[in-house]
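The values are calculated or read from the model by the stated rules, or taken from the named source; none is laboratory data. Note that this is a predicted model, so its numbers are computed, not measured. Glycine also receives a Cβ, built like all others from the backbone with ideal geometry; neighbour counts cover every protein chain displayed.
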Amino acid sequence: MTHVGYLIAGWGITLGTLAVYALRLVRRGRDLSAQVPDAHRRWLEDQGSDDA
Amino acid sequence: MAEEPMSPAPLPEGTASDTTGSRGSRLLGVLTLVGLAALGVLAFVLTDPDVRIHPSTGAEFGQFDAVRMLYVHVPLAVMTYLAYGLCAVASLGVLIRRTPWWDVTAHAAAEVGTVFCGLVLVTGSIWGRPVWNTWWEWGDVRLMTTLVLFLMFAGYLALRRTTGDPRAVSRRAAVVALVAVLDIPLVNRSVEWWENRTLHQQSTLGDLKIEDLTLFTLMLGFLVLGMVLAWLLLHRFRVGWLERAALDHLVAAAIVERRGETPDDELRRAVGDPSPGEPL
């Protein structure tokens, strides 16, 4: 395979950046969720009481 | 006589609902990870490198394995258009409807779109080095219009972080987004409108000049990166919604606390309510 270094860099930066950004969003969401009553989170409505 | 100070009910800690996830978003996340794995297998194992034979000299030429970068670069570019397009639609909603839903949507789409746009520039540069023998070409119209797009939305995000009346900031940001999004047609059509001023080739997708598994892999790239975009947008929207709710919750708590400390008439004067004698 040719250009292996470029491929690793390109794919690695893409997947790494998206993963770090996704994790950052999840962590920020967790921090904020702890400060806000469930009533302000409309996406919990479809989960029933088992997830609340 | 002032009422007893009241605090908002304390929230239970560490419950399963302390996330921005829902059943739907978790399912989407799992499907996205499976899709990314499938895309990786197709891009690196099952598809062939781009190797062609020159008809007269018989020499090999083409992109060779660097073509595998395009399975993420091109979908990232299209998803950038989608995210910024959504930001523009939501910005119109901000200006017309003026509801928080549109505002949070516009902000989320701009942020996620800027992450994608940055990745488009980086992956394009990395792909360009072996194929064009350069990391960057200042005279390339598509590169420059894409850079301008990125910088305009970076400015949008900087504007969103400024202090001041939040409604005014939202309206100003909406106008910036609507101006910035006008660059997208320039980015997309630049290879045809200025075909002598770009290293990019013209589109080969519309004429289906790409064959078989390569085309399928590229289409899967669009689908999977679209799912990544949807997941990120969903969660970024929920974070933005929670940020507003947390601020409201904090303000409500501060008002309740202040109300407990301040006689009604004094509080009434502070907020400019000219109806003394009635409960607030």
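Do any helices (runs of 4 or more DSSP H) entirely within the stretch B:102-217 hold 3 or more residues that are within 23 Å of A:LEU25 (Cβ to Cβ) and not aromatic (Phe, Trp, Tyr), and if so, which?
Details: elements: B:141-160, B:166-180, B:183-193.
Once the helices (runs of 4 or more DSSP H) in the stretch B:102-217 are filtered for at least 3 residues that are within 23 Å of A:LEU25 (Cβ to Cβ) and not aromatic (Phe, Trp, Tyr), what remains is B:141-160, B:166-180.
Step by step: first the residues of the stretch B:150-192, then only those that are hydrophobic (A, V, I, L, M, F, W, C) and without any contact (Cβ under 8 Å) to a residue 24 or more places away in the chain, then the one that is farthest from B:ILE96 (Cα to Cα). Which residue is that?
Only one residue fits best here, namely B:LEU151.
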Tell me which of these B:VAL72 doesn't satisfy, since it passes every other one: (1) within 14 Å of another protein chain (Cβ to nearest Cβ); (2) over 19 Å from A:THR17 (Cβ atoms).
(2)
Evaluation of B:ARG129 against (1) more than 20 Å from B:ILE184 (Cα to Cα); (2) buried (at least 24 other Cβ atoms within 10 Å of the Cβ) (one fails), failing number:
(2)
Please determine whether any residue of the stretch B:24-38 is surrounded by 21 or more Cβ atoms within 10 Å (Cβ to Cβ) and not aliphatic (A, V, I, L, M).
yes
Which residue pairs have Cβ atoms closer than 6 Å, lie 6 or more positions apart in sequence or on different chains, and pair a first residue in the stretch A:1-16 that is at the interface with another protein chain (Cβ under 7 Å from one of its Cβ atoms) and free of Cβ contacts under 8 Å to residues at least 24 places away in the same chain with a second residue that is assigned to a helix (DSSP H, G or I) and among the basic types (Lys, Arg)?
A:LEU7/B:ARG68
When you look at B:TRP138, is it surrounded by fewer than 18 Cβ atoms within 10 Å (Cβ to Cβ), over 19 Å from the mean Cα position of the chain (by Cα) and in contact (Cβ under 8 Å) with a residue 40 or more places away in the chain, yes or no?
no
Residue by residue through the stretch B:173-229, note down the ones that are modelled with pLDDT of 75 or more, among the β-branched types (Val, Ile, Thr) and either under 30 Å from B:ALA154 (Cβ atoms) or surrounded by fewer than 14 Cβ atoms within 10 Å (Cβ to Cβ) (or both).
B:VAL175, B:VAL176, B:VAL179, B:VAL181, B:ILE184, B:VAL187, B:VAL191, B:VAL224, B:VAL228
